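Each remark here refers to the structure printed beneath this line.
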Amino acid sequence: MNNIKIGIIGLGYVGLPLAVEFSLKYTTVGFDVNSKRIAALQANKDHTLEVSEEELKSATALTFTTDPAACQQCNIYIVTVPTPIDLHKNPDLRALLAATETVARLLNNGDTVIYESTVYPGATEEVCIPILEKISGLVFNQDFGVGYSPERINPGDKQHRLRNICKITSGSNEQTADRVDQLYKSIIIAGTHKASSIRIAESAKVIENTQRDVNIALINELALIFNKMNIDTLEVLKAAESKWNFLPFRPGLVGGHCIGVDPYYLTHKAQAIGYQPRIILAGREINDSMGAYVAETVIKMMTRKRMQVVDSNILVMGLSFKENCPDIRNTKVIDIIKEFKSYHAKVDTHDPWVNLEDAKQEYDLDLVVDLKAGKYDAIVIAVPHKEFINLPIESIRSLGKSQCIVYDVKSIFPEDQVDGRL
């Protein structure tokens, strides 16, 4: 493990914490194509809030760049770019392919390339490695090795950090697998799990989040059933949890860069080999429908009170895909907003965690910063940020009109304090 110089390709929620951690032991170069991101990091500012200003200042062996040539002396390249889905819910590998091409142009004899980006089983060997060979002119497993170590970053989670989450590692041959495993063991306190192949490691990543997605879909479907029966879902779940082996899932919106995306990578590959996955896609269909369901439920509640929906003022509290986090990638709160707007309601969105420019660029939303009392016909508490949890329900109701409906998606308030909850 001597003379290691690491190049991190992609400095988002995954790449930046990794770069900072590795830089405490090795010379590290962080590369990203986003010049604004690099400028902010050079000023010790991380808008994702995953790394503090103090941590960035202390990472003295870490340099940030938009110039691939600055990575030329690296001998280990770690690819941590986003792998989202497209409008048709198919894997969008454009960033991964671009990053692979960048690395291929830098690759030298003896180098190792490690992928952390989520992919479907087989993608590293079937898609990425041929590009590395073609552009570099080097021979795979002879001149360079490839590893796969799936990311397990949980945005906004200050308890489960990179160093104390067990890391899956793998390599294209025994020598590379050992090298990759030893590299991560040098920074991961929780240790590693060395998988027997790259495909095993790829598969483990996608099923981690697919399992959670299917379980949440089950609870969401139960919520749909119990709501029709006027039975409080949360009370049912608390009662069921008195049994030792009942799993503690909650209904809600399933978005973000992992749980709402990874299952589509697995189903894409399953369909490509001739298998039609049923449970996974059924779960995805349920979870993808929950935003519209919340809006439709609130609209029905308004009409029962003979409240006019067209031109009504509705406040949605929260935009990020999860609590206490600025990440708005694949947030399903946007589905609530779009559904309200389809009924010609006027929707304000407020989120103290989300960057105003990001909301405008990603979703063309002008977030409301200062809320006015007595304005709203309906209020949807969509994300359980600590700022919302710490508010008395009276403060939230004061934002609405006398008949205002308050709907609590994540059940942060008691049932008798709100007009409805999922």
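Averaging 1/r over each pair of different alpha-carbon atoms in the range 266-422 and inverting the result gives 16.5 Å, the Kirkwood hydrodynamic radius. The relative contact order of the chain comes to 11 percent, based on Cα pairs under 8 Å that sit 6 or more residues apart.
Taking trypsin sites (Lys or Arg not before Pro) across the range 137-192, the ones in a DSSP loop with at most 10 further Cβ atoms lying within 10 angstrom of their Cβ are K158. Summarising the overall dimensions of the range 165-208 from its C-alpha atoms, the Rg and Dmax are 10.0, 27 angstrom. Pairs with C-alpha atoms separated by more than 28 Å, drawn from the list K57/K167; K228/K341; K341/K372; K305/K338; K305/K360, are K305/K360. Under the membrane-span-like helix rule (DSSP H runs whose alpha carbons stretch at least 15 Å along the helix axis, mean Kyte-Doolittle hydropathy 1.0 or higher), the chain yields none. For the chain, the dipole from Cβ point charges (+1 on Lys and Arg, -1 on Asp and Glu) about the Cα centre works out to 520 debye, to the nearest 20.
Extension gain for the segment E296 to N2, taken as residue separation times 0.36 nm less the Cα-Cα distance, is 99.8 nm to one decimal.
Between the C-alpha center of the range 393-414 and that of the range 317-383 there is a gap of 16 Å.
Computed from the alpha carbon atoms alone, the convex hull of the chain holds 152 Å³ per residue.
Close amide H contacts of S312 (hydrogens built in the peptide plane, cut-off under 5 Å, sequence separation of 5 or more or a different chain): K346. Surface exposure of the chain, expressed per residue as accessible area with a 1.4 Å probe, stands at 46 Å². In the chain, the calculated helix contribution to ellipticity at 222 nm averages -11000 deg cm²/dmol per residue, counting -39,500 (n - 2.57) for every DSSP H run with n ≥ 4. The listed peptides 382-391, 44-53, ordered by packing as a protection proxy, come out as 382-391, 44-53 (highest mean of other Cβ atoms within 10 Å first).
Taking the 1.4 Å solvent-accessible surface of the chain as the whole, the part contributed by carbon and sulfur is 51%.
The values are calculated or read from the model by the stated rules, or taken from the named source; none is laboratory data. All figures in this text were calculated on a predicted structure; none of them were measured in a lab. Positions of Cβ are backbone-derived with ideal geometry, glycine not excepted, and every protein chain shown enters the neighbour counts. These area figures cover heavy atoms from the full protein model, side chains too; ligands, DNA and RNA do not enter into them. Shrake-Rupley method; radii C 1.70, N 1.55, O 1.52, S 1.80 Å.
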